[in-house]
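K.L.:
I have a structure here, written as structure tokens, and I will follow up with some questions on it.
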Amino acid sequence: DAGVIQSPRHEVTEMGQEVTLRCKPISGHDYLFWYRQTMMRGLELLIYFNNNVPIDDSGMPEDRFSAKMPNASFSTLKIQPSEPRDSAVYFCASSLYLTENIQYFGAGTRLSVL
Amino acid sequence: AQSVTQLGSHVSVSEGALVLLRCNYSSSVPPYLFWYVQYPNQGLQLLLKYTSAATLVKGINGFEAEFKKSETSFHLTKPSAHMSDAAEYFCAVSGDTGGFKTIFGAGTRLFVKA
């Protein structure tokens, strides 16, 4: 298995632009998580899905952030409009309920908003 | 609600010395406990997990952790540090009735001196 695949690996954009981050979970996994990692705040859970349905989005910072999972093999995290304070590394992770919530992380997308 | 506290944001050891990374947790239900490792520019990967079986858990790369309910601790150890162990280590807890969330600690960066 190729693991969790995230794209792009790096994104540089200007303030006010729309940014879309993509994630392909491990095939067969039924949970998908989006995290944000910064030096100041550490690793923060933004939202997670179970069987493509959003379960908890309490970590989404504000309405500028949205996440979708249209099918079991694809999810997006969108920021519109982007701001410099959104600069961070964004991770996607997936897990299978029967494996006691062991999470498998992608390599991350490093976002820089200028 | 569940929480995790990692004592020490940075730990420095000499090559060949004992590694001890401390983690205390809070949980209202028997928890699942994890240690993850993050190498530079990579996502997190599982080192080991505790899921109510043996209290001493062995993981990859010679690491192990002991679950002590009376102390609400899950400290990570390795008898002899290797240069390749230099990374950031995250303790995590999940299993609360509030859902399938995993709560991560703030992380401890391990430095290994030659």
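K.L.:
Please go through region A:1-45 and give me each residue that is under 14 Å from the mean Cα position of the chain (by Cα), closer than 22 Å to A:PRO61 by Cα and among the hydrophobic types (A, V, I, L, M, F, W, C), ordered by number.
P.N.:
Scanning region A:1-45 gives A:VAL19, A:LEU21, A:CYS23, A:LEU32, A:PHE33, A:TRP34, A:LEU43, A:LEU45.
K.L.:
With (1) touching a Phe, Trp or Tyr at 6+ places or on another chain (Cβ under 7 Å); (2) within 14 Å of chain A (Cβ to nearest Cβ) as the list, and B:GLU88 as the residue in question, which single condition is left unmet?
P.N.:
(1)
K.L.:
Here is a further query. Name the single residue, out of those in region A:88-114 being crowded, with 16+ Cβ neighbours inside 10 Å and without any contact (Cβ under 8 Å) to a residue 60 or more places away in the chain, that is nearest to B:GLN38 (Cα to Cα).
P.N.:
That would be A:VAL89.
K.L.:
Does B:ALA81 satisfy being farther than 27 Å from A:VAL89 by Cα, aliphatic (A, V, I, L, M) and touching an Asp or Glu at 6+ places or on another chain (Cβ under 8 Å)?
P.N.:
yes
K.L.:
Considering each residue of region B:27-45, count those that are under 24 Å from A:PHE105 (Cβ atoms) and surrounded by fewer than 18 Cβ atoms within 10 Å (Cβ to Cβ), and give that number.
P.N.:
Going through region B:27-45 one residue at a time, the tally reaches 5.
K.L.:
Hey, any hits in region A:60-70 for a residue that's of a type in the set (Lys, Arg), closer than 24 Å to B:PRO31 by Cβ and without any contact (Cβ under 8 Å) to a residue 24 or more places away in the chain?
P.N.:
No, that holds for no residue.
K.L.:
Pairs under 6 Å by beta carbon, first residue farther than 15 Å from B:LYS68 by Cα in region B:11-40, partner surrounded by 13 or more Cβ atoms within 10 Å (Cβ to Cβ) and basic (Lys, Arg), six or more apart or different chains?
P.N.:
Partner pairs satisfying both residue conditions: B:VAL19/B:LYS78.
K.L.:
Can you name every residue in region B:31-63 that is more than 23 Å from A:LEU43 (Cα to Cα) and within 12 Å of chain A (Cβ to nearest Cβ)?
P.N.:
Of everything in region B:31-63, those that are more than 23 Å from A:LEU43 (Cα to Cα) and within 12 Å of chain A (Cβ to nearest Cβ) turn out to be B:SER52, B:ALA53.
K.L.:
Follow-up question, since we're still on this one. Which condition number in (1) within 10 Å of the chain's Cα centre (by Cα); (2) more than 14 Å from chain A (Cβ to nearest Cβ); (3) of a type in the set (Gly, Ala, Ser) is the one that B:SER70 fails?
P.N.:
B:SER70 satisfies all of (1) within 10 Å of the chain's Cα centre (by Cα); (2) more than 14 Å from chain A (Cβ to nearest Cβ); (3) of a type in the set (Gly, Ala, Ser) except (1).
K.L.:
Next up: Search region A:4-27 for residues that are polar (S, T, N, Q) and pair each with any residue that is modelled with pLDDT under 95 and part of a strand (DSSP E or B) when their beta-carbon atoms are under 6 Å apart and the residues are at least 6 apart or on different chains.
P.N.:
Listed pairs, sorted by first residue: none to list.
K.L.:
Within region B:5-114, which strands (runs of 3 or more DSSP E) (wholly inside it) include 1 or more residues that are closer than 28 Å to A:ARG9 by Cβ and of a type in the set (Gly, Ala, Ser)?
P.N.:
Hits in region B:5-114: B:87-94.
K.L.:
Quick test of your reading of the structure: B:ALA1 fulfils all but one of (1) modelled with pLDDT of 95 or more; (2) touching an Asp or Glu at 6+ places or on another chain (Cβ under 9 Å). Name the failing condition by number.
P.N.:
If we test B:ALA1 against (1) modelled with pLDDT of 95 or more; (2) touching an Asp or Glu at 6+ places or on another chain (Cβ under 9 Å), just (1) comes out false.
K.L.:
Another question, if that's okay. Take the residues of region A:74-84 that are under 15 Å from the mean Cα position of the chain (by Cα) and surrounded by fewer than 16 Cβ atoms within 10 Å (Cβ to Cβ): which is farthest from the other protein chains (Cβ to nearest Cβ)?
P.N.:
A:GLN80
Conditions (1) more than 11 Å from every other protein chain (Cβ to nearest Cβ); (2) under 23 Å from B:GLN45 (Cβ atoms), marked per residue:
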| residue | (1), (2) |
| --- | --- |
| A:ILE26 | yes, yes |
| A:MET40 | no, no |
| A:PRO54 | yes, no |
| A:GLU62 | yes, no |
| A:ASP86 | yes, no |
| A:GLU100 | no, yes |
| A:GLY108 | no, yes |
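The values are calculated or read from the model by the stated rules, or taken from the named source; none is laboratory data. Because the structure is predicted, anything quoted here is derived from the model rather than measured. Because the Cβ atoms are built from the backbone with ideal geometry, glycine has one as well, and the counts that use them run over all protein chains shown.
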